[in-house]
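The next block holds one structure in the form of structure tokens; read it before the comments.
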Amino acid sequence: MLDKSNRLALTWLLLLGSIGCTSTHTAYLTLPTLNGISAYRIDNNSGRLTLIVGSPYATGNSPGPVVVDPSNRFVWVANRTDDTISLFKIDSVNGGLSEVLPRTTTGYAPLAMVINSSGSFLFVANELSSSISVYSINSSNGALLAVSSPFPTPPNPVALAVTPSGNFLYVVNSNLGSVLAYSVSASGTLQTIAGSPFFSGNGAAAVAVDPKGHFVYVVNTTDSTVSIFAINSATGALSTVVGSPFATGTAPVSLALTPSGQFLYVANASSNNISGYTIDPTTGFATAITEGPFSVGTAPTLVVSDPDGVYIYALSQTSKTITVFTLTTTGQEVQGDLTNTGYSAATSEPVAAMSISQ
Amino acid sequence: MAAIVCFFFLGWASVGLEAQQVPRFDVFGGYSDRLFDAKKLGYPNYTNLYGWNFATTGHIFMKYGVVVDASGHYGSQLRLFNYMVGPQYTRRRDKSDLDFHFLFGKAQTRANIEQLTRSGFESVGRSMGGGLDFNYHWKPRYSIRVGADYFRSNTFRTTQNDARVSVGLVLHFGHMGHRRKL
């Protein structure tokens, strides 16, 4: 048995240990006008973001797309006017970044990046050189090695997404308003899938694959729609789901899926709101959430889901803010409607992209 | 090391103070633990930092004086220094004292996060706080002190709310009167 003094000491230790122990994620935001990347700590209990000391960290010129590796050890940033990729090591204590040189050369104007779920390949869409660069990732130090020379695409690839299996890559081409589909070999080489490209809509701008690998989602900015395709799990070919395309707000530019794949959110830049949809897991049919669209202030340009599916972050380049929404829950069941938490974080400069660690 | 040698030299120099006397000056040195509000700097949790605390008190009146306080705390990445001054009220008893003080001054925070062109980040800002010390009169010229303080500091454009606990030895010098008999 513990005597009184020992109990007191134990109570003190427990009190000290319990103060502020919360589970967190880190978010990385690129700031092209500042040539930097800011790191934020996300409090999972409130969704609040706290700037990590040292932010912003220097990048190359005009940083755009940013990805975090699945093991949360590295971050890669594409420098759009340098035509390079910066590799950063994530500090395991506070989530801060330190760049590892040299930078890796890409094609012209790397506009989008995605990493496969195993963290073995990084895919880069080079808008001006109209190509896809594929890099194998050294798992120990994060270094990139080009799998081969870049794979040519039709002009202006602007976005890409990879299936959870890593077997298929989908690239949005805004000029064609289409999705280019590729199979990915074990060595990282790309092979065009029969039937590609698949028409999406005018002004196709952003793409996502659902976490189960069943559907591909594309927002069409000019048409103000979102197209949904079913993925043939054997071939990777796409087929339009019944009812697609679905109406959005005006000028959709970004989309995010919750980790369950149950809810889809689309940022509408001109109507200043977020459209929400419930996705039928079998058919892919999107039903607009009746409480939506959700007002978000000035011109949302990015919408991002947190890895736990509790919060949705909407970023505005013009107001330089991040608005935090939470998904409503009834008992244990998550509803798709969004509630503005009333909390927003200001960014020092407009944000080009945001990625959240697992 | 020099500070420790100096501290014990001062202990030797303080010989001659008798029991029941109220000293003119106190010099404190000891070990300190700080619960630092690292969450404000983007760390996942509060962080315990360990280090030293030195303080000198000049007793202007029997119960009132001025304290000058410096402390340094260290962790794997973080280093904190405080340089503070403020008024102190002392409640005296036969075998012990209780000091209450307010402190104002500077906080210097350093985060050692290795970068390509620098070894870390540093910020200096205002700090204020206060706390109390319990002094047990172990010997006529020595006391044992346990102190606790709260600090509110502004560094890295954020406000941190910290707690500090210090334990150590107090050396007494000079005398300005006799303490009240209980």
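The values are calculated or read from the model by the stated rules, or taken from the named source; none is laboratory data. Keep in mind it's a predicted model, so treat the numbers as computed, not measured. Quick reminder, even Gly has a Cβ in these numbers, built from the backbone with ideal geometry, and neighbours come from all protein chains shown.
Points worth noting:
- Taken over segment B:22-45, residues that are within 12 Å of chain A (Cβ to nearest Cβ), surrounded by 23 or more Cβ atoms within 10 Å (Cβ to Cβ) and either over 13 Å from residue A:50 (Cβ atoms) or hydroxyl-bearing (Ser, Thr, Tyr) (or both) amount to 3.
- Looking across segment A:37-55 at every residue that is more than 8 Å from every other protein chain (Cβ to nearest Cβ) and in contact (Cβ under 8 Å) with a residue 60 or more places away in the chain, the one that is nearest to residue B:111 (Cα to Cα) is identified as A:38.
- Within segment B:82-111, the set of residues being surrounded by fewer than 16 Cβ atoms within 10 Å (Cβ to Cβ) and within 14 Å of chain A (Cβ to nearest Cβ) is empty.
- Subset of segment A:69-82 (residues that are outside any strand (DSSP E or B), in contact (Cβ under 8 Å) with a residue 40 or more places away in the chain and away from every other protein chain (no Cβ under 14 Å)): A:69, A:70, A:71, A:73, A:80
- Scanning segment A:159-175 for residues that are over 26 Å from residue A:138 (Cα atoms) and either buried (at least 18 other Cβ atoms within 10 Å of the Cβ) or in contact with a Lys or Arg (Cβ under 8 Å, 6 or more places away or on another chain) (or both) yields A:172, A:173, A:174.
- In the set (1) farther than 22 Å from residue A:206 by Cα; (2) at pLDDT 85 or above, the condition left unmet by residue A:313 is number (1).
- Filtering segment B:130-161 to residues that are in contact with a Lys or Arg (Cβ under 6 Å, 6 or more places away or on another chain) and closer than 16 Å to residue B:55 by Cα leaves B:133, B:135, B:149.
- Answer residue from segment A:56-68, given it is more than 22 Å from residue A:323 (Cβ to Cβ) and within 14 Å of another protein chain (Cβ to nearest Cβ) and is surrounded by the most Cβ atoms within 10 Å (Cβ to Cβ) among those: A:59
- Residue within segment A:297-309 that is surrounded by fewer than 17 Cβ atoms within 10 Å (Cβ to Cβ), closer than 28 Å to residue A:238 by Cβ and without any contact (Cβ under 8 Å) to a residue 40 or more places away in the chain present: no
- In segment A:326-344, the residue that is nearest to residue A:306 (Cα to Cα) out of those that are at pLDDT 85 or above and aliphatic (A, V, I, L, M) is A:327.
Okay, residues lined up against (1) closer than 19 Å to residue A:206 by Cα; (2) in a loop (DSSP other than H, G, I, E, B); (3) free of Cβ contacts under 8 Å to residues at least 60 places away in the same chain:
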| site | (1), (2), (3) |
| --- | --- |
| A:128 | yes, yes, yes |
| A:132 | yes, no, yes |
| A:148 | no, yes, yes |
| A:164 | yes, yes, yes |
| A:169 | yes, no, yes |
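- Taken across segment B:33-49, residues that are touching a residue at least 40 places away in the same chain (Cβ under 8 Å), of a type in the set (Gly, Ala, Ser) and in a strand (DSSP E or B) do not occur at all.
- Unique residue being modelled with pLDDT under 95 and buried (at least 21 other Cβ atoms within 10 Å of the Cβ) when the list is A:323, A:318: A:323
- Whichever residue in segment B:125-156 is surrounded by fewer than 16 Cβ atoms within 10 Å (Cβ to Cβ) and touching a residue at least 12 places away in the same chain (Cβ under 8 Å) and, among such residues, is farthest from residue B:34 (Cα to Cα): B:136
- Yes/no for residue A:233 being polar (S, T, N, Q) and not in a strand (DSSP E or B): yes
Conditions (1) touching a residue at least 40 places away in the same chain (Cβ under 8 Å); (2) of a type in the set (D, E, K, R); (3) buried (at least 24 other Cβ atoms within 10 Å of the Cβ); (4) under 18 Å from residue A:216 (Cα atoms), marked per residue:
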{"residue": "A:249", "(1), (2), (3), (4)": "yes, no, no, no"}
{"residue": "A:256", "(1), (2), (3), (4)": "yes, no, no, yes"}
{"residue": "A:263", "(1), (2), (3), (4)": "yes, no, yes, yes"}
{"residue": "A:268", "(1), (2), (3), (4)": "yes, no, yes, no"}
{"residue": "A:276", "(1), (2), (3), (4)": "yes, no, yes, yes"}
{"residue": "A:280", "(1), (2), (3), (4)": "no, yes, no, yes"}
{"residue": "A:288", "(1), (2), (3), (4)": "yes, no, no, yes"}
{"residue": "A:293", "(1), (2), (3), (4)": "yes, no, no, no"}
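- Among the residues of segment A:86-102, at least one is within 14 Å of another protein chain (Cβ to nearest Cβ), of a type in the set (Asp, Glu) and in a loop (DSSP other than H, G, I, E, B).
- Scanning segment B:143-182 for residues that are in contact with a Gly (Cβ under 7 Å, 6 or more places away or on another chain), more than 13 Å from residue B:127 (Cβ to Cβ) and hydroxyl-bearing (Ser, Thr, Tyr) yields one hit, B:166.
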